[in-house]
Amino acid sequence: MSEAVIDESGGRYPFREIEKKWQARWADAKVHKATQDTSKQKYYVLVMFPYPSGSGLHVGHCKNYVPGDVVARFKAMQGYNVLNPMGWDAFGQPAEQDAIKRGVNPRTVVPTLAEVYKKQLNILGVSYDWDREINSTDPSYYKWNQWMFLKLYEKGLAYRDAAPVNWCINESTVLANEEVVDGKCWRCDGPVVKKPLPQWKLRITSYADRLLAGLEGIDWAEGLKTQQRDWIGRSEGAEVDFACGTHKITVFTTRPDTLWGATFMVLSPEHPLVAEITTGAQKATLEAYAAEAAKKSDEDRTAEGKEKTGVFTGAYAINPVNGAQIPIWIADYVLTGYGTGAIMAVPAHDQRDFEFARKFDLPIVLVYAEADTPVESGLTEAFASGGAFRESLGSPFSGEPQDKSVIVPKVVKWIEAQGCGRGKIQYRLRDWLLSRQRYWGTPIPMVHCPSCGIVPVPEDQLPVVLPDCENYKPGPDGRSPLSTIESFVKTTCPSCGGPAERETDTMAGSVDSSWYFLRFADPHNENAAWDKAIADYWMPIDMYIGGREHAVGHLLYCRFFTKFFQDLGLISVDEPAAALRNQGMLNAFTPVLSGTDKSIKPGEFVHYPRDEWIAQYNANKAPIPAERIIEVDGKQKIEPIEVEFSWLKMSKSKQTAVTPDEMADKYGADSLRTLILFEAPFEDTIQWSEERMNGPFRFLARVWDTVSGIVSAPPPPGASETLPSVLGGDLPDNWAPMPDADVKTLRRKLHQTIAKVTDDIESFRFNTVVSALMILHDALRKFCNAGGVAHPAARETAEGLTLLLAPLAPHLADELWEKLGGQGFLFQTQWPVSDPSLAANEEVTVVVQINGKVREKLTLPAGLSNDALEAAALDSDKVRADLEGKTIRKVIVVPGKLVNIVAN
RNA sequence: GCCUGGGUGGCGAAAUGGUAGACGCAGCAGACUUAAAAUCUGCGGUCCGUAAGGGCGUGCGGGUUCGAAUCCCGCCUCGGGCACCA
């Protein structure tokens with residue numbers, strides 16, 4: 001539909017030739033190669049490295065690569081020594097699934113996929129230093145994953161512990177969370193339970209306080225920092241010991257001051273003491289309940305609005321502060337992974353405990369009460385703040401107000417003195433489970449020896465190479481496919497030399513991405529993960545760009561690793577990224593099954609005339625009747641369905657992918673880049689529509705026309721052939737018949753635009769950068785059309801515009817620069833500087849309001865005093881007429897902008 | 001449920017306490033053309049009015065202020081994350 005915009009002959013704005021030409025020149029000259037140069041200020045810009053999937057890049061991926069490239073180019077032009085690398089995060093599940101399905105080794109597929117990504121990124125014209133390309137699946141890379149694991153183990157930060165996995169009973173395999181849908185396996189629809197397996201964990205919790213503290217000094221979005229803080233979830237409180245027969249049950253509470261109101265106790269169904277304390281009569285009920293809880297996700301279990309469930313164990317515990325016998329229950333809203341897996345329940349002051357007590361008719365005892373509050377029976381919800389400690393409880397705290405920050409430390413001190421508990425800081429953060437029972441990952445470099453136990457593989461035997469595999473299906477008992485490869489498993493113990501077995505778990509992919517930014521500094525080092533001096537030069541990342549979805553996963557892990565490396569003396573910084581920006585998504589109008597958000601998969605249609613359907617849907621806003629093919633008893637059957645459209649993330653599997661390749665071919669990569677930047681603010685979602693490509697394309701084509709016109713305009717008689725090529729300073733007079741005022745206006749626009757563009761790129765407001773350049777171009781075009789095409793000011797503006805355009809549309813800019821007689825590549829050319837004296841306005845528009853409503857606009861010389869502005873406003877005819885018969889109460893003047901007259 | 005980010009014309013948006021709708025898309029009108037496309041010029045929130053001009057208007061309800069899209073309180077609603085997708 002928009003095809004016609006393009007001149008197929010390539011005569012007007014021949015973007016295909018231009019882009020091909022400059023991509024070749026940049027590659028030949030290695031313009032974007034980064035070399036360490038301590039005489040220059042470095043700037044490390046990094047876009048999170050992608051997982052190269054089989055479907056290649058679509059325009060949605062450009063939402064981060066393009067802005068990242070703009071920053072790299074902008075900083076290079078500002079004279080920084082820029083590092084802008086790229087690589088592949090290629091371990092992971094999709095490749096493994098593919099291997100199981102098609103029997104192909106990911107090892108042979110990954111390089112091909114990476115090549116496709118690289119080719120597509122080059123089509124976009126991004127300025128990566130490809131000499132630093134890395135691939136996380138290369139043994140020369142994952143060797144260092146293993147080395148780091150050994151270091152973590154050495155420091156006691158890697159340990160083995162039982163952790164539950166999703167277990168599909170039918171298939172006897174471990175499932176990822178993503179593979180569990182409504183508590184069932186997404187492939188076989190069979191039941192899924194939690195099954196404990198011994199696995200490797202990293203003690204990220206011992207860095208919890210440093211991970212919190214480190215957030216203070218970094219330039220990341222406040223919301224994202226809050227998410228991290230809440231994820232770490234530091235809470236101060238106490239551990240309290242309750243006796244239960246000969247057993248001791250320890251609970252964690254943030255409210256030890258409410259101990260006097262603890263009327264029952266709740267254990268998680270998985271708590272180890274459950275089996276021991278349960279009385280015979282309750283045993284069967286409890287086991288059934290625990291089995292039911294194992295099927296639920298943590299979110300389902302803890303959801304607040306949800307109806308509470310639970311079972312009485314038949315056992316009692318002794319409340320240490322008052323000797324009360326309180327019943328012990330189990331309930332699924334208490335989780336094993338958090339705290340001690342047991343809580344004391346204070347229904348009077350905690351809402352969840354309150355709901356539980358109401359449901360099971362358990363006693364409620366108020367610790368705090370307003371003087372005139374009636375007794376417990378009148379409560380409709382937990383009484384979480386206010387009131388004073390009740391006298392009748394006989395505690396030493398009678399009369400204290402319910403003020404957590406004051407009373408909790410006092411109570412902690414007291415229970416410590418009593419010996420029934422101690423102050424404790426609890427984190428919500430859990431240790432990092434890095435074991436995966438999968439093939440396509442870094443082998444964990446450990447050996448299990450029957451006589452020596454767990455023995456690390458010595459450093460000089462690294463890497464433990466991931467072996468080839470015949471069959472990618474998981475091994476028995478939930479072990480990884482590696483367990484079926486005898487040549488891999490069988491080894492000798494590094495300690496005693498006897499026969500031993502290798503660990504068959506592999507590492508989670510998040511290990512690879514927790515330090516890749518350091519490898520980019522020194523990617524070819526064979527003797528170390530990186531050289532400290534080199535990494536210290538480049539680190540930290542000055543601008544890190546990636547999606548918000550990484551807020552608490554990757555972005556926490558890589559901070560942990562960086563702090564660990566600092567502790568080992570491997571790096572000087574303790575935060576990986578000084579600044580971080582999160583791009584928005586790119587959505588496409590996607591067909592979904594009516595009334596759901598379930599996308600329609602290939603093969604579910606008989607027909608799919610996309611454009612037609614979209615038009616029809618937009619016209620009627622009603623579901624469109626369609627058909628899909630389903631299989632019933634091995635026979636294909638056509639089933640009628642209804643289809644609607646909704647904005648979902650662009651994706652190949654949903655048949656909505658548009659590739660950068662096709663856009664570059666139709667409109668040019670520069671147009672695509674400009675569109676991505678212009679269409680929505682960097683952090684906002686773009687709703688993709690190809691129609692929108694017209695705007696950026698037309699803009700760049702107009703710039704091409706205008707600058708070409710200026711370049712080929714013959715200088716007027718008597719003029720020197722050489723036109724100024726340095727911005728600012730004085731221009732020759734009387735060059736062309738242009739009024740001085742017009743020349744001044746154009747130059748002012750240029751210098752104002754330089755200032756605005758510089759400022760806006762710095763603050764990631766790329767959309768307003770584009771509009772500012774459009775406005776500058778329009779001013780230049782007008783000037784040329786008015787007879788100024790050969791005027792030095794036109795050429796000066798053309799040069800300025802070209803320089804400002806360089807980060808956004810680098811191919812076109814380099815081409816125009818060459819036409820203008822510029823030397824070299826713009827990547828290596830100085831960014832323009834705004835001259836404040838040329839940018840200053842001589843006149844300003846002052847708005848005159850009466851009672852906050854605009855009544856008049858005055859054009860006045862800039863820099864008038866407030867008194868002069870007020871006088872000018874009161875002197876205007878319009879204002880005088882409006883004020884007729886009114887008394888002026890107050891006049892507010894905003895210098896150079898506004899006068900508001902309050903009158904009645 | 002918990003944590004987080006949004007909501008402004010037909011559409012993408014701009015304005016971060018001071019002229020709401022810059023810039024662009026789609027549309028309409030005109031110029032050029034044998035014609036169409038491209039290109040160029042112009043119009044464009046809404047209501048009243050021939051016009052000049054005026055009223056209303058930034059998800060909803062309240063508040064602060066001379067002045068609120070912007071700040072505060074309460075709602076509605078849409079997106080992202082929730083530890084094995086990466």
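Here are a few things to note about the model shown:
- Gain in span if fully extended, A:S712 to A:A417, counting 0.36 nm per residue against the direct Cα distance: 97.1 nm
- Protein accessible area in chain A, 1.4 Å probe - carbon and sulfur %: 50
- Added length on full extension, which subtracts the Cα-Cα distance from 0.36 nm per residue, A:S55 to A:E612: 198.0 nm
- For the peptides A:828-834, A:521-527, residues were scored by their other Cβ atoms within 10 Å and the scores averaged per peptide; the highest-first order is A:828-834, A:521-527.
- Backbone amide hydrogens, once placed in the peptide plane, bring A:T340 within less than 5 Å of A:F252, excluding anything fewer than 5 places away on its chain.
- What the Cβ-Cβ distance of A:A868 and A:I775 gives, at R0 = 35 Å and to the nearest 0.05, is a FRET efficiency of 0.70.
- Hydrodynamic analysis of region A:389-469 uses the Kirkwood radius over alpha carbon pairs. Inserted into Stokes-Einstein at 37 °C and 0.692 mPa s, it gives a translational diffusion coefficient of 176 µm²/s.
- Expressed as a fraction of 2.2 N^0.38 Å, the value expected for a compact globular protein of N residues, the C-alpha radius of gyration of region A:477-542 is 1.64.
- Cα-based Rg of region A:448-592 normalised by 2.2 N^0.38 Å, two decimals: 1.37
- Projecting label points 7 angstrom from Cα along Cα→Cβ for A:V632 and A:A24 puts them 6.0 nm apart.
- 3J(HN,Hα) along region A:510-527: 5, 5, 4, 7, 8, 8, 4, 5, 7, 5, 4, 5, 8, x, 10, 5, 8, 9 Hz, from the Karplus curve 6.51 cos²θ - 1.76 cosθ + 1.60 with θ = phi - 60°, whole Hz, x for Gly and Pro.
- Computed Kirkwood radius, in angstrom, where 1/r is averaged over Cα pairs of region A:753-872: 16.9
- In range of the label at A:A162: residues from region A:200-241 whose backbone nitrogen is under 15 Å from the point 7 Å along Cα→Cβ: A:200
- Sequence-distant residues sharing a close amide H with A:N135 (under 5 Å, placed H): A:W88
- Sites A:N694 and A:E391, calculated FRET efficiency, Cβ-Cβ separation with R0 60 Å, nearest 0.05: 0.15
- Distance between modelled label sites at A:I454 and A:T250, nm, 7 Å Cα→Cβ extension: 2.1
- Looking at region A:139-235, the GluC sites (Glu not before Pro) that sit in a DSSP loop and have at most 16 other Cβ atoms within 10 Å of their own Cβ are A:E171.
- Three semi-axes describe the equivalent ellipsoid of region A:779-834; taken as square roots of 5 times the Cα gyration tensor eigenvalues and ordered largest first, they are 21, 11, 10 Å.
- Placing a label point 7 Å from the Cα of A:S653 along the Cα-to-Cβ line, no residue of region A:538-581 has its backbone N under 18 Å from it.
- Interchain or long-range residues, amide H under 5 Å from A:L648's placed H: A:A588, A:T590
- Solvent exposure, largest accessible area first (probe 1.4 Å, DNA, RNA and ligands not counted), of A:D835, A:D778: A:D778, A:D835
- Whole-number D in µm²/s for region A:862-904 (Stokes-Einstein; Kirkwood sum over Cα pairs; 4 °C, 1.567 mPa s): 121
- Chain A: C-alpha pair distances exceeding 35 Å, %: 65
- Phi-based couplings in Hz for region A:832-838 (Karplus 6.51, -1.76, 1.60; Gly and Pro marked x): x, 10, 6, 9, x, 6, 7
- At R0 = 25 Å, FRET efficiency that the Cβ-Cβ distance of A:I534 and A:D219 yields, to 0.05: 0.55
- Loop-located trypsin sites (Lys or Arg not before Pro) in region A:865-895 whose Cβ has at most 13 other Cβ within 10 Å (DSSP): A:K886
- Estimated vicinal HN-Hα couplings, Hz - region A:436-449 in sequence order (Karplus 6.51, -1.76, 1.60; Gly, Pro = x): 10, 8, 9, 7, 7, x, 6, x, 7, x, 10, 10, 9, 10
- Flagged links, alpha-carbon separation over 21 Å, of A:K21/A:K118; A:K33/A:K118; A:K119/A:K666; A:K184/A:K652; A:K404/A:K424; A:K21/A:K819: A:K184/A:K652
- Sparsely packed loop sites in region A:17-67 (the trypsin sites (Lys or Arg not before Pro) outside DSSP H, G, I, E and B with at most 16 other Cβ atoms within 10 Å) comprise A:K30, A:K33, A:K40.
- Net lengthening on full extension, A:R187/A:E639 (0.36 nm per residue, minus Cα-Cα): 160.5 nm
The values are calculated or read from the model by the stated rules, or taken from the named source; none is laboratory data. As the structure is a computational prediction, the values presented were derived from the model and not from experiment. All Cβ positions, glycine included, derive from the backbone under ideal geometry; neighbour counts span all protein chains shown. Heavy atoms of the whole protein, side chains included, go into the accessibility calculation; ligands, DNA and RNA do not. Shrake-Rupley method; radii C 1.70, N 1.55, O 1.52, S 1.80 Å.
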